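The values are calculated or read from the model by the stated rules, or taken from the named source; none is laboratory data. Owing to the predicted nature of the structure, the values given are computational and were not obtained by experimental measurement. Positions of Cβ are backbone-derived with ideal geometry, glycine not excepted, and every protein chain shown enters the neighbour counts.
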C-alpha cells in the first residue's frame, strides 16, 4: 500500500475537512491546552508555598519533606489513577463529604468527571514543579529581602521585587516540566474523565488504536511535537537574553 505525501491530515486536524469546517479537533486541542494551563496554575499555587516551607525546614527534616513530595512517584501512574477511582467513587468518604457540602448529588461519585481529572492531574504533576522550584528557593539571597524591608517595602513588594526574580529559573523549569507533559496526557483523562473528556493524547491513541488511521495520528503527533519544540525554543531565547542556563 502506497501512502502519498499530503497535507490533508493536517487540514483535517484544524477543522478543514472534506465536508466543510468541523471544530472537533480544534476543540480537543484547546481543551488539552486549557487542562495543561489549569494544571500548571494549580501546581504553582500549591508549589510556591510548599517549596518555601521545605526550604525553611531544619536541615534534619528537609530530606524527610522532599521524600514525602516524591513518594507518589514511586508507584506507577496507572496504580495512582486507579486509586483515585476508588477514593472518588460514590461510596467513598470523599464523595459522601461532597454530598454533605452540596458539591455532588446523592448517589453520585466525584468520578468520572472534570473534577476528578483536574485533581488527578494536579496531584500527579505537583512534584515536578516543587523540586526545581525548591532548588531555586534554596539559593535565595535573603539579604536582598532584608534590604528591601529596610527601604520600606511591604511584604508584597519584597516578594515580587526581591524574591521572585531569584526563583524565576526554577519556576520556569517547573512550568515546562508540568505544562508540556500535561498537554499530551491521556491516561488520567481517559480513566478519570470517561468518554466525555477527550484530550490530545486520547485522540492520538484513538487513531493508532481502534481507528487505525495512522496518517492522521502521525499528523496529530507531529503537531504536538512542534508545539513542544516551539515552547522550548521560546524559553531558550528568553534564557539566552538573560544569560541564564536551564
Check: Can you name every residue in segment 12-31 that is under 25 Å from the mean Cα position of the chain (by Cα) and touching a residue at least 40 places away in the same chain (Cβ under 8 Å)?
Finding: 13, 25, 28, 29, 31
Next item on the list: Would you mind stating whether residue 193 is in contact with a helix residue (DSSP H, G or I) (Cβ under 7 Å, 6 or more places away or on another chain), at pLDDT below 85 and surrounded by 13 or more Cβ atoms within 10 Å (Cβ to Cβ)?
Entry: yes
Check: In this structure, is residue 119 in a helix (DSSP H, G or I) and more than 21 Å from the chain's Cα centre (by Cα)?
Finding: no
Margin query: I'd like the full set of residues that are under 20 Å from the mean Cα position of the chain (by Cα) and either surrounded by 13 or more Cβ atoms within 10 Å (Cβ to Cβ) or outside any loop (DSSP other than H, G, I, E, B) (or both), limited to segment 67-77.
Written below: 68, 69, 70, 71, 72, 73, 74, 77
Next item on the list: Select, from 46, 34, the only residue that is surrounded by 14 or more Cβ atoms within 10 Å (Cβ to Cβ) and either under 26 Å from the mean Cα position of the chain (by Cα) or not in a helix (DSSP H, G or I) (or both).
Entry: 46
Note to self: Among the residues of segment 142-174, what is the count of those that are within 22 Å of the chain's Cα centre (by Cα) and crowded, with 18+ Cβ neighbours inside 10 Å?
What the structure shows: 7
Notebook entry, point to check: In this structure, does residue 102 turn out to be loosely packed, with under 12 Cβ neighbours inside 10 Å, without any contact (Cβ under 8 Å) to a residue 12 or more places away in the chain and on the phi > 0 side of the Ramachandran plot?
Noted result: yes
Notebook entry, point to check: For segment 20-29, does any single residue satisfy the condition of being modelled with pLDDT under 85 and in a loop (DSSP other than H, G, I, E, B)?
Noted result: yes
Notebook entry, point to check: Restricting the first residue to segment 68-93 and requiring it to be under 20 Å from residue 186 (Cα atoms), which pairs with a second residue that is in a loop (DSSP other than H, G, I, E, B) meet a Cβ separation below 6 Å and a spacing of at least six or different chains?
Noted result: 85/111; 88/109; 88/110; 88/111
